[in-house]
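Worksheet: the structure to be examined is printed underneath.
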Amino acid sequence: MSLEYAPRGLVGMLTPQANTTVEPEFNILWPRGIAMISGRLISAKDSLNARLVDYFDSYDQALDQFANAPISVAAAACTGASYLAGRDREAKVVEDIVSRRGYPFITAATAVVDALRALDAHRIGLVSPYPDDLTRASVGYWQSHGFDVAELASAVTRSDTFHPIYSLDSSAARSALRTLRDKPLDAIVLLGTGMPTLHPIAETIGWSGGPTMSSNFCLAWRVVEALERRSPEASTLASWLNGEGWAERLKAR
């Protein structure tokens with residue numbers, strides 16, 4: 001079925017309830033002919049980690065928000081939930097959803113894994129906007145997939161705003177990223193789907209540091225690969241890393 005604004009495919013995106021970054025960044029990242037509808041992951045828990053656990057446990061139910069919309073691919077734009085669930089449980093939940101729903105389901109964390117593997121990256125650097133406990137869980141997650149977290153930079157967070165991550169601006173990622181520029185890294189990942197990252201990533205195009213990606217960046221690339229029914233490949237990722245398409249849309253915006 002072809003839709004007026006999504007002739008190449010409609011994406012069902014699950015987004016944490018207060019996240020203000022996912023929709024704006026994906027609407028810049030999507031190539032022409034791809035569109036998305038968003039469903040919100042909801043939790044009444046009063047701590048970040050408890051909400052993330054709720055989000056993960058509700059993935060399948062949350063997809064009901066899309067009713068009978070002709071979704072081609074569904075995705076979860078929430079990396080933190082994957083860290084707490086762990087590699088094995090995440091893989092099982094994804095498998096069950098794909099079997100039940102009949103379309104690909106991709107988490108932001110597995111998209112990052114696919115991107116790192118496409119680059120044949122082993123030694124990686126992370127820019128984390130998280131509190132220390134979630135950063136540690138993140139490191140454990142990447143290590144479980146076989147990556148060496150060689151460098152870790154913390155983005156500045158604030159406690160006097162509506163959310164310590166979603167209220168950040170891109171200067172937080174930019175400042176942390178600069179500390180990793182001259183490190184011997186195969187790739188750098190800006191973590192979290194709520195920290196704005198597209199301007200800092202665009203500024204690394206052609207720089208001397210490692211290839212730089214974010215959770216949203218990798219998820220958008222991976223979803224497009226699924227829509228095109230391609231296995232994740234270094235050649236298509238290279239085009240994204242060079243800013244093909246999206247960098248001009250970011251500049252125009």
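So in segment 137-174, with the set limited to residues that are at pLDDT below 95 and open to solvent by 70 Å² or more (accessible area, probe 1.4 Å), which one is nearest to His122 (Cα to Cα)?
Ser154
Just the residues that are open to solvent by 10 Å² or more (accessible area, probe 1.4 Å) and either within 14 Å of Asn242 (Cβ to Cβ) or not hydroxyl-bearing (Ser, Thr, Tyr) (or both), please, taken from segment 194-210.
Pro196, His199, Ala202, Glu203, Thr204, Ile205, Gly206, Trp207, Gly209
Would you mind finding the one in Glu233, Glu225, Glu248, Glu244 that is within 24 Å of Ser82 (Cα to Cα) and surrounded by fewer than 14 Cβ atoms within 10 Å (Cβ to Cβ)?
Exactly one of Glu233, Glu225, Glu248, Glu244 is within 24 Å of Ser82 (Cα to Cα) and surrounded by fewer than 14 Cβ atoms within 10 Å (Cβ to Cβ), namely Glu233.
Identify, please: which residue in segment 115-134 is in a helix (DSSP H, G or I) and surrounded by fewer than 19 Cβ atoms within 10 Å (Cβ to Cβ) and is, among those, nearest to the chain's Cα centre (by Cα)?
Among those residues, the one meeting the criterion is Arg117.
Hey, does segment 105-113 have a residue that's open to solvent by 10 Å² or more (accessible area, probe 1.4 Å) and aliphatic (A, V, I, L, M)?
There is at least one residue in segment 105-113 that is open to solvent by 10 Å² or more (accessible area, probe 1.4 Å) and aliphatic (A, V, I, L, M).
Specify the residue that is nearest to Trp221 (Cα to Cα); the eligible residues are those in segment 49-90 that are open to solvent by 10 Å² or more (accessible area, probe 1.4 Å) and not in a helix (DSSP H, G or I).
Only one residue tops the list, namely Ser72.
Given the conditions (1) at pLDDT 95 or above; (2) under 20 Å from Ala109 (Cα atoms), and given that Ala18 satisfies all but one, which numbered condition is not satisfied?
(1)
Just to be sure I understand the filter: pairs with C-beta atoms under 7 Å, separated by 6 or more residues or on different chains, first member in segment 87-108 and within 14 Å of Asp64 (Cα to Cα), second member of a type in the set (Asp, Glu) and open to solvent by less than 100 Å² (accessible area, probe 1.4 Å). Which pairs pass?
Going by the 7 Å Cβ cut-off, the qualifying pairs are Ile97/Asp60; Arg100/Asp60.
The values are calculated or read from the model by the stated rules, or taken from the named source; none is laboratory data. As the structure is a computational prediction, the values presented were derived from the model and not from experiment. Backbone-built Cβ (ideal geometry, glycine too); neighbour counts: all protein chains shown. Calculation scope for accessible area: heavy atoms of the full protein, side chains included, ligands and nucleic acids excluded. Shrake-Rupley method; radii C 1.70, N 1.55, O 1.52, S 1.80 Å.
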